[in-house]
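This report refers to the structure that appears directly beneath it.
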Amino acid sequence: MAKQLTGTVALVAGGTRGAGRGTAIQLGAAGATVYVTGRSTRAQRSEMNRPETIEETAELVSAAGGVGIAVQVDHLVPAEVRALIARIESEQGALHVLVNDIWGTAQVEWNKTVWESDLDAGLHTLRLAVETHAITSHFALPLLIRNPGGLVVEMTDGTDEYNAATYRNSFFYDLAKGAVSRMAFALAHELRSHDTTSVLLTPGWLRSEDMLDSFGVTEENWRDALTVEPHFAISESPAYVGRAVAALAQDPEMSRWHGRSLSSGELAKVYGFTDLDGSQPDAWRYLVEVQDVGKPADPTGYR
């Protein structure tokens, strides 16, 4: 990828792993300076209790060709986010790309009604998935809108169209993703007059570190999981949605997407990027046309 984002300053909030890490790396591959934030460091793990760290992500950004800067931030703590943005302003003088990818909870209870769910766990999920995004936008956007042509990405799970018609297997998870979608809608309204593009973006079935571990596979042999879950054939690496963000950030006409709900598969068709294996998985079309209607797993025509 040409380094068209040299001189661009990005903040990937929640860049420790998954889509956040993939996005940070791909922005780095395009030459950006990327601030990577999260709670997990080499000295301290978050409640996720996983080995990935923000330092590791920052090193991968630099190895890809950008400048990675790791900053430990709990995005539920306003003072920490305020200090982060003050640091970016002091060190860089500007912020051009904000990716709100904060999530970071292992407490989601699947297939439980609201009355069956653990209330404390459910409310904690909402705080981590919703309040964090609002707090980060509150402090980051005044710096970002100082320069025209900025990009704000609210990362979620599911397109607006899919989530509007589909229950997401948990009251609190469903509510969290719906709230992020509405935040993207509100930001699009509020940023319209500031020459800043705001979008909602979703990966497909993401081969995050946690997902790979759950199947007992790695990125190198992920297809071995198809014997357990054949529909995993439509899955995609975190690099794919990262390339979607990098493509948006490099597009001089990115404003055409303002206020839209987008997916990595949809943008791949427009910009021509591929996943690591050279394919272009279109997971959300696959889910509707194959998986959710009970057809046998077959990604033919969908990647």
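Looking at the square roots a ≥ b ≥ c of the eigenvalues of the Cα gyration tensor of the range 1-98, which shape do they give, rounded for a/c under 1.5, prolate if a/b is larger than b/c, or oblate? In terms of gyration-tensor shape, oblate.
Exposure proxy shown here: for Ser170, Ser263, the number of other Cβ atoms within 10 Å sets the order, fewest to most, as Ser170, Ser263. Whole-Hz Karplus values for the range 204-216 come out as x, 6, 8, 7, 5, 4, 5, 5, 4, 4, 5, 9, x Hz, taken residue by residue from phi with 6.51 cos²θ - 1.76 cosθ + 1.60 and θ = phi - 60°; glycine and proline positions read x. Each Cα pair under 8 Å and six or more residues apart adds its separation to the average, and for the chain the resulting relative contact order is 17 percent.
3J(HN,Hα) along the range 149-156: x, x, 9, 10, 10, 8, 8, 9 Hz, from the Karplus curve 6.51 cos²θ - 1.76 cosθ + 1.60 with θ = phi - 60°, whole Hz, x for Gly and Pro. Give the shape of the range 114-267 as rounded, prolate or oblate, defined through the alpha-carbon gyration tensor: a ≥ b ≥ c are the square roots of its eigenvalues, a/c under 1.5 means rounded, and otherwise the shape is prolate if a/b is larger than b/c and oblate if not. Oblate is the answer for the range 114-267, as a/c is 1.5 or above yet b/c matches or exceeds a/b. Whole-Hz Karplus values for the range 182-190 come out as 5, 5, 4, 4, 5, 5, 4, 5, 6 Hz, taken residue by residue from phi with 6.51 cos²θ - 1.76 cosθ + 1.60 and θ = phi - 60°; glycine and proline positions read x. Stretching the chain fully between Ala86 and Asp213 yields a gain of 42.0 nm (0.36 nm per residue, less the alpha carbon separation).
For the chain, a Gaussian network of Cα nodes joined below 10 Å ranks Gln280, Gln72, Gln44 by mean-square fluctuation, and the top entry is Gln44.
Among Thr113, Thr196, Thr166, the ranking by other beta carbons within 10 Å of each residue's beta carbon, starting with the fewest, stands as Thr113, Thr166, Thr196. Ordering 238-247, 136-145 by mean Cβ neighbour count within 10 Å, with the highest value first, yields 238-247, 136-145.
Could you pull out the longest piece of the chain with no exposed loop GluC sites (Glu not before Pro) in it, calling a site exposed if DSSP puts it outside H, G, I, E, B and it has at most 13 other Cβ atoms within 10 Å? Within the chain, the longest run free of exposed GluC sites (Glu not before Pro) spans 117-218.
Amide H contacts under 5 Å for Arg168: Asp174, restricted to partners 5 or more places along the chain or on a different chain, H placed in the peptide plane at 1.01 Å from N. Indicate the gyration tensor shape class of the range 169-249 (rounded, prolate or oblate), computed on the Cα atoms with a ≥ b ≥ c the square roots of the eigenvalues: a/c under 1.5 is rounded; otherwise a/b larger than b/c is prolate and the rest oblate. Oblate.
Rule-based calculations on the coordinates, nothing more; no lab input. All values reported here derive from a predicted model rather than from experimental measurement. Ideal geometry is used to build each Cβ from the backbone, glycine not excepted, and the neighbour counts take in all protein chains shown.
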